[in-house]
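What follows is a short report on a single structure.
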Amino acid sequence: MWKDWIRPFVRPLPQWSTIAVAPPQQDVTASLRWNHQSADVTTDHTVASLKPLSIATSLDAGDTPTLEYTDSATGKVLGVLYLAKATSIAIEGACITVYHVSGSEHRCLPWPRRSWNQWLQNRVMRKSNTSHHALMDPDSVQQLMIAYLCPRPVILVSVDARGHRNMFPMDLIGPLQRSALFSLALRNTNVSEPVMRDACKVALSSMPASMKGTVYKLAEHHKQALDDWTALPFPTRPSQAFGIPAVAAALRIRELSIVHAHDMGSHTFFLGRMASDEDLTEGAQLHHTAGFHQAYRRQRNAAFEEV
Ligand SMILES: Cc1cc2nc3c(=O)[nH]c(=O)nc-3n(C[C@H](O)[C@H](O)[C@H](O)COP(=O)(O)O)c2cc1C
């Protein structure tokens, strides 16, 4: 139909695609490159803050490395982030390096559709007034989409302290494998942020893709704590060591002992060590990737299952 033909020219691709992926994702490989050296950081890099947009890793890759995302099946480069060293965090014998994102490019769409889609997406962002778009300028959101070329798993974080209980979704999460740390980048406006600094322990439920609707509904708890655990629309089970209510239907429940909280602009970058890890059932986990990544895969008949 002529409408299908004309759509890419007048409508931008969605920024994000919610997909079902069996964890750990292996479709995309992330490599850090610097001074003729390179290291696989697929399980050792994370987004540490949105403003400024920051990437953290266990490696010190010099002052201006690049972070390259490649299609694991074909070796094709999907996108690149250009990084500039910002700071390092020494913690319990490990050293985490934090980089600001100074530039980016992706190759998921052919030119000129790439530039045209970016222009259309940026125009929509400038017109919209969601809190996300108030926080980040369109160029930074484009860079963030490239960081999501590695599909990011979604978890529900449970916090249980005296007088405060909460459960909310996160995807700006670790691991930082070489240092055996796990990170959570949480908006410093989140209602549970001070409680997490104080209580230093949380439970993390890996969410089945089939629970997407429920997960998204819990986003309201970034602003408002839970009145009661029974207010949740699903059964919970106590986490193994801390006894914090977690999702009974989760694929996996881990407990994190928080060892450090770092102020990072818009976000608090929590670093912790796993206190327990229960693999409960196999299945596809809810993930996010960039819309142009899904479009790239669709072109090659290798689209992720969308939920
Ligand atoms: C699936 C999902 C994952 C999220 N991950 C994070 C996260 O990692 N860190 C964070 O600070 N907020 C996270 N959020 C919260 C949102 O960024 C936003 O702050 C929250 O939904 C409140 O939105 P509003 O301020 O537009 O009402 C997530 C929300 C959803 C639905």
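The values are calculated or read from the model by the stated rules, or taken from the named source; none is laboratory data. Here the structure is a predicted model, which is why all the values come from computation and not from measurement. Here Cβ is always computed from backbone atoms with ideal geometry, including for glycine, and neighbour counts include all displayed protein chains.
May I ask you to verify whether G243 is more than 11 Å from the ligand (Cβ to nearest atom) and modelled with pLDDT under 95?
no
Within segment 279-288, being surrounded by fewer than 24 Cβ atoms within 10 Å (Cβ to Cβ) and in contact with an Asp or Glu (Cβ under 9 Å, 6 or more places away or on another chain) holds for A284, H288. Just to be sure, is H262 touching a Pro at 6+ places or on another chain (Cβ under 6 Å) and either within 15 Å of the ligand (Cβ to nearest atom) or under 20 Å from H164 (Cα atoms) (or both)? No, not satisfied. The residue list K85, K76, K127 contains one member that is within 22 Å of N301 (Cα to Cα) and not assigned by TED's automatic domain parsing to the domain that holds R178, which is K76.
Listed conditions (1) over 26 Å from G174 (Cβ atoms); (2) surrounded by 14 or more Cβ atoms within 10 Å (Cβ to Cβ); (3) within 16 Å of the ligand (Cβ to nearest atom) are all met by R107, apart from (3). All conditions but one from (1) within 16 Å of M196 (Cα to Cα); (2) surrounded by fewer than 16 Cβ atoms within 10 Å (Cβ to Cβ); (3) of a type in the set (A, V, I, L, M) apply to L256; the one that does not is (2).
What's the number of the only condition in (1) in contact with a helix residue (DSSP H, G or I) (Cβ under 8 Å, 6 or more places away or on another chain); (2) more than 12 Å from the ligand (Cβ to nearest atom) that P238 fails to meet? With respect to (1) in contact with a helix residue (DSSP H, G or I) (Cβ under 8 Å, 6 or more places away or on another chain); (2) more than 12 Å from the ligand (Cβ to nearest atom), P238 is out only on (1).
Going by the structure shown, is A20 crowded, with 16+ Cβ neighbours inside 10 Å, at pLDDT 95 or above, aliphatic (A, V, I, L, M) and not in a strand (DSSP E or B)?
Considered against the rule, which asks whether it is crowded, with 16+ Cβ neighbours inside 10 Å, at pLDDT 95 or above, aliphatic (A, V, I, L, M) and not in a strand (DSSP E or B), A20 comes out as no.
This table checks each residue for (1) more than 20 Å from T70 (Cα to Cα); (2) surrounded by fewer than 21 Cβ atoms within 10 Å (Cβ to Cβ); (3) at pLDDT 95 or above; (4) not assigned by TED's automatic domain parsing to the domain that holds L67.
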{"site": "L120", "(1), (2), (3), (4)": "yes, yes, yes, no"}
{"site": "P138", "(1), (2), (3), (4)": "yes, yes, yes, no"}
{"site": "G163", "(1), (2), (3), (4)": "yes, yes, no, yes"}
{"site": "P169", "(1), (2), (3), (4)": "yes, yes, yes, yes"}
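There is no residue in segment 34-51 that is modelled with pLDDT of 95 or more, among the basic types (K, R) and either surrounded by 21 or more Cβ atoms within 10 Å (Cβ to Cβ) or not in a loop (DSSP other than H, G, I, E, B) (or both).
A quick yes/no check of all residues on (1) touching a Lys or Arg at 6+ places or on another chain (Cβ under 8 Å); (2) away from the ligand (no atom under 16 Å from the Cβ); (3) free of Cβ contacts under 8 Å to residues at least 24 places away in the same chain; (4) of a type outside the set (K, R):
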position: T214; (1), (2), (3), (4): no, no, yes, yes
position: I258; (1), (2), (3), (4): yes, no, no, yes
position: H267; (1), (2), (3), (4): yes, no, no, yes
position: L271; (1), (2), (3), (4): no, no, no, yes
position: D277; (1), (2), (3), (4): yes, yes, no, yes
position: H293; (1), (2), (3), (4): no, yes, no, yes
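Taking the numbered list (1) more than 16 Å from the ligand (Cβ to nearest atom); (2) over 21 Å from A48 (Cβ atoms); (3) modelled with pLDDT of 95 or more; (4) out of contact with any Ser or Thr (no Cβ under 7 Å at 6 or more places or on another chain) in turn, R252 passes all entries but (4).
Considering only residues that are of a type outside the set (G, A, S), at pLDDT 95 or above and more than 8 Å from the ligand (Cβ to nearest atom), which ones fall in segment 216-227?
Residues of segment 216-227 that are of a type outside the set (G, A, S), as a first pass: 216-218, 220-224, 226-227.
Filter once more, so that each one left must be at pLDDT 95 or above: 216-218, 220-224, 226.
Those that are of a type outside the set (G, A, S), at pLDDT 95 or above and more than 8 Å from the ligand (Cβ to nearest atom): K217, H221, Q224, L226.
For segment 178-205, taking the residues that are in a loop (DSSP other than H, G, I, E, B) and among the small types (G, A, S), the one that is farthest from the ligand (Cβ to nearest atom) is identified as A180.
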